[in-house]
Amino acid sequence: MAQPVTKYISAKEYLAFERNALDKHEYYQGEIFAMSGASFKHNLIESNLRLALGIFLKGKTCREFGSNLRVHIPKNTLYTYPDILVLCDEPDFVDDEFDTITNPSIIIEILSPSTANYDRGAKFDLYRDVLSLREYLLIDSQTIHIVVYSKNNDNTWTLSETKNLNDNITLPSINFIINVTDVYDGIDKIKR
């Protein structure tokens, strides 16, 4: 039996397709990948963190955005939608549609069983090509576990993590501190 042939498209074709699509898709090296939906827990964590970041950043130069703002990494061709991002500089848009930036300062991914390995591994490898990126935060939606990667001045990364509800997590580039309990607020009330 013949193997199916993968059809590769240009980034320009992807953007034209994506801007008219009902669902979200990632693009990498000519291929399009459908993105899955998010669970209630995932959405609750995202809501908790976006609210805290929004309040903290009010009146400051940085702004937080949800998963509708697309990020492009020219160095490796990836177009993707982080769960949450923080932008601290003027946005560097890829074109005059103003829906895709190349310069996030912080990227936050909320892990689900279907995306956890990708977000921890290959996706972080791709994100490290973003020169403006200062922190990469991974939040597990199934268990209490948060990992923060912070970029050092020599472009190496330092990992800090917690599995304790009483701990705080810190995003040093914006001096943001939040208690792990506040990130997971309401999760214990969800009935299985």
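The values are calculated or read from the model by the stated rules, or taken from the named source; none is laboratory data. Quick caveat: nothing in here was measured; it's all calculated off a predicted structure. Cβ placement follows ideal geometry from the backbone for every residue including glycine, while neighbour counts extend to all protein chains displayed.
Assorted remarks:
- Restricted to segment 123-174, and to residues there that are in contact with a Pro (Cβ under 8 Å, 6 or more places away or on another chain) and of a type in the set (Gly, Ala, Ser), the residue that is nearest to ALA52 (Cα to Cα) is SER150.
- Lone qualifier among GLU18, GLU31, GLU46 - being over 16 Å from the mean Cα position of the chain (by Cα) and crowded, with 17+ Cβ neighbours inside 10 Å: GLU18
- Condition check for GLU26: surrounded by fewer than 14 Cβ atoms within 10 Å (Cβ to Cβ) and more than 18 Å from VAL147 (Cβ to Cβ): no
- If the condition is being in contact (Cβ under 8 Å) with a residue 40 or more places away in the chain, surrounded by fewer than 17 Cβ atoms within 10 Å (Cβ to Cβ) and more than 25 Å from ASP89 (Cβ to Cβ), then segment 128-156 contributes GLN142, ILE144.
- Pairs linking a residue in segment 35-56 that is over 20 Å from TYR118 (Cα atoms) and at pLDDT 95 or above to a residue that is part of a helix (DSSP H, G or I) and not β-branched (Val, Ile, Thr), with Cβ atoms under 8 Å and 6 or more positions apart or on different chains, are ASN48/ASP182; ALA52/ASP182.
- Single residue of segment 49-85 satisfying the filter (among the β-branched types (Val, Ile, Thr) and under 12 Å from the mean Cα position of the chain (by Cα)) that is nearest to ILE169 (Cα to Cα): ILE84
- Residue match in segment 68-77 (condition: hydroxyl-bearing (Ser, Thr, Tyr) and under 17 Å from LEU138 (Cα atoms)): no
- Condition met for TYR14 (assigned to a loop (DSSP other than H, G, I, E, B), aromatic (Phe, Trp, Tyr) and more than 24 Å from GLU135 (Cα to Cα)): no
- Pairs where the first residue, in segment 112-127, is touching a residue at least 60 places away in the same chain (Cβ under 8 Å) and the second is assigned to a helix (DSSP H, G or I), C-beta under 6 Å, 6+ apart: SER112/HIS42
- Of note, ILE55 does not satisfy the criterion of being out of contact with any Asp or Glu (no Cβ under 7 Å at 6 or more places or on another chain) and surrounded by 14 or more Cβ atoms within 10 Å (Cβ to Cβ).
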